[in-house]
Amino acid sequence: QVQLVESGGGLVQAGGSLRLSCAASGSIFSINAMGWYRQAPGKQRELVAVITGGGSTNYADSVKGRFTLSRDNAKNTVYLQMNSLAPEDTAVYYCYLSQIAIGYWGRGTQVTVSS
């Protein structure tokens, strides 16, 4: 079993920054991908950014140039640095990890951007 613990959400004004962290623990031996999704009220969950086991990073078009995903392999932790936040970034952000075709989700952390 794999556990994901998120931290770093909160309330910020438009133009501000936040940094999310997600630490994975448990039976971790071969991570295929790890990253973040988000879900705004009334909308489907969508990919924000993900990093593969090989180190390739993919971003949603809406966050390119503003968000940066990084990882610390020794700590099984990923970080999402979010800059130039806008009200449309308001959502619950979920950490995601896939390992041998099994996906795991964190409980989510709320990010609210005020205008």
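Is it fair to say Q3 is open to solvent by 60 Å² or more (accessible area, probe 1.4 Å), assigned to a loop (DSSP other than H, G, I, E, B) and either modelled with pLDDT of 95 or more or on the phi > 0 side of the Ramachandran plot (or both)? So Q3 fails the test. Highlighted here are the strands (runs of 3 or more DSSP E) found entirely within region 63-108 that include at least 1 residues which are over 13 Å from the mean Cα position of the chain (by Cα): 67-72, 91-99, 102-105.
Tallying residues that are charged (D, E, K, R), open to solvent by less than 70 Å² (accessible area, probe 1.4 Å) and under 13 Å from W36 (Cβ atoms) within region 67-94 yields 1.
If you go through region 46-55 and pick out every residue that is more than 14 Å from D89 (Cα to Cα), open to solvent by 50 Å² or more (accessible area, probe 1.4 Å) and modelled with pLDDT of 95 or more, you end up with 0.
The values are calculated or read from the model by the stated rules, or taken from the named source; none is laboratory data. Worth saying up front: this structure is predicted, and the values here are computed from it rather than measured. Positions of Cβ are generated from backbone atoms using ideal geometry, with glycine treated the same way; all protein chains shown enter the neighbour counts. Surface accessibility is based on the protein's heavy atoms, side chains included, excluding ligands, DNA and RNA. Shrake-Rupley method; radii C 1.70, N 1.55, O 1.52, S 1.80 Å.
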